[in-house]
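A short write-up of the structure that comes next.
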Amino acid sequence: MHEDLERLIALQRLDSARHAAERRIAEEPERQRVFEARLEESRQKVMAAKEQLTDSQTARRAIEKDVAVHQGRLSKFREQAMAVKTNQEYHAIQHEIAFAQTEIKTLEDKILERMLESDDFTAAVKRAETTLASEQKAVDADRRALTTEIGELKMSLERIKQERADIVKGLTPSVLAIFELVAGRRNGIGIAEARDGICTICHVRLRPQVFNDVRRNNQIIQCDSCQRILYFVPAPAAEPAASPSSQ
């Protein structure tokens, strides 16, 4: 194979690896935002559970105040019942006492409901807090993994930079110029394999004579369609059949 073609294939592999690493590094801020969004979702669930618990407790205290009001009225009516002088007044007081007792019973039932509700909300808060703690640990682990990955990618970029410089030194300047011009216009890919008479990148069929020339791998040939430099990968040689004497 033409030395420039061999170097270009190696150069393309390095450039593709570099582009992939750079894209991955560029994704870091978005990945960090995803981590934070995961935590924020869990925090919001904790806050919502706590708000439900607080609202329930506030409602219970309001009912308890109403109970205290009716108990005060009940005590007053009982005192008044001791001083009534007529049956009409006595029946009226007894009616008020019965009403206050009914209201107190109804409110006490509501207080019990709120207490049971608060127990449920307290359990929900604990579950949400446990989930948040678990999510925090998971995000911390993911962030550590991301930090390690980014560090490794940056080191790989340094290695790629050095390896690329070594390859570029051995390339014919005019060939390098063609490769970089085409790669700059074609999403970073300046070289393509030709297979079965077709450019495997743009999928345009090559002229038969062009494909035959590409198959020799002894010159720089560009695809008429996408302008990428073409190369050919020969089929692997078949293994020789075993002789009868070796069986």
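What follows is calculated from the coordinates using simple rules that are stated; it is not laboratory data. For clarity, every value in this text was computed on a predicted model and none was experimentally measured. Using ideal geometry, Cβ is built from the backbone for each residue, glycine included, and neighbour counts are taken over all protein chains shown.
Near Cys223, within a Cβ-to-Cβ distance under 11 Å, what is the net charge of the other residues, with Lys and Arg +1 and Asp and Glu -1?
Once positives and negatives cancel, what remains is +2.
Test of understanding: in a Gaussian network model of the chain with alpha carbons linked when under 10 Å, which of Glu158, Glu79, Glu180 would top the mean-square fluctuation ranking?
In the Gaussian network model the winner is Glu79.
So which residue, out of Ser42, Ser174, Ser118, gets the largest mean-square fluctuation from a GNM of the chain using Cα contacts under 10 Å as springs?
Largest GNM mean-square fluctuation: Ser174.
If I model a spin label at Lys137 and Ala37 as a point 7 Å from the Cα along the Cα→Cβ vector, what separation in nanometres do I get?
Here the answer is 2.5 nm between the modelled labels.
If I model a spin label as a point 7 Å beyond the Cα along the Cα-Cβ vector, how far apart are those points for Glu180 and Asp66 in nm?
Going from the Glu180 label point to the Asp66 one covers 8.2 nm.
When only C-alpha pairs under 8 Å and at least 6 residues apart count, what is the relative contact order of the chain, in percent?
Reported as a whole number, the value is 27 percent.
Could you state the angle between the C-alpha long axis of helix 28-81 and the longest principal axis of the C-alpha atoms of the chain, as a value from 0 to 90 degrees rounded to the nearest 10?
Taking the Cα atoms of the chain, the angle to 28-81 is about 0 degrees.
Charges only on Cβ, +1 for Lys and Arg, -1 for Asp and Glu: so what's the dipole of the chain about the Cα centre, in debye to the nearest 20?
Computed about the Cα centre, the dipole is about 460 debye.
Taking the Cβ of Ala62 as the center, what net charge do the other residues with Cβ under 13 Å away carry, scoring Lys and Arg +1 and Asp and Glu -1?
+2
Taking a point 7 angstrom from the Cα of Ala59 along the C-beta vector, which residues in segment 100-119 have backbone N less than 20 Å away?
103-119
Note down the net charge around Gln80, summing +1 for each Lys or Arg and -1 for each Asp or Glu among other residues with Cβ under 10 Å from its Cβ. Don't jump to the answer; show the numbers that get you there.
Values: positive: Lys76, Arg78; negative: Glu79, Glu89, Glu96.
Once all neighbours under 10 Å are counted, the net charge is -1.
Hey, got the Cα dimensions of the chain along the principal axes, in Å, largest first?
Answer, in whole Å and largest first: 128, 53, 34 Å.
Would you kindly calculate the translational diffusion coefficient of segment 173-231, applying Stokes-Einstein with the Kirkwood radius from alpha carbon pairs, for 4 °C and a viscosity of 1.567 mPa s, and quote it in µm² s⁻¹ without decimals?
Once the numbers are plugged in, D ends up at 115 µm²/s.
How about Lys105: which lysines have a C-alpha closer than 23 Å to its C-alpha, ignoring those fewer than 8 places off in the same chain?
Lys65, Lys76
List, largest first, the extents of the alpha carbons of segment 1-141 along their principal axes, each in whole Å.
125, 18, 16
If you line up the long axis of helix 173-185 against the longest principal axis of the chain, both from Cα atoms, how many degrees apart are they, to the nearest 10?
30
If you put +1 on each Lys and Arg Cβ and -1 on each Asp and Glu Cβ, how big is the dipole of segment 20-160 around its Cα centre, in Debye rounded to 20?
It works out to roughly 240 debye.
If you average the sequence gap of Cα pairs under 8 Å that are 6 or more apart and divide by the length of segment 20-160, what percent do you get for the contact order? Intermediate results must be reported in sequence, preceding the final value.
Values: 84 pairs, mean separation 62.9, N = 141.
It rounds to 45 percent for segment 20-160.
Provide Rg and Dmax in Å for segment 9-65, with only Cα atoms included in the calculation.
Final numbers for Rg and Dmax: 24.7, 83 Å.
Which one of Thr200, Phe232, Ala123 has its Cα pushed farthest toward the positive end of the charge dipole of the chain, where Lys and Arg give +1 and Asp and Glu give -1 at the Cβ?
Of Thr200, Phe232, Ala123, it is Phe232.
Go ahead and estimate [θ] at 222 nm for the chain from helices alone: -39,500 (n - 2.57) per DSSP H run with n ≥ 4, summed, over the residue count, rounded to 500.
On the way: 5 runs with 184 residues, N = 247.
Calculated from helices alone, the mean residue ellipticity at 222 nm is -27500 deg cm²/dmol.
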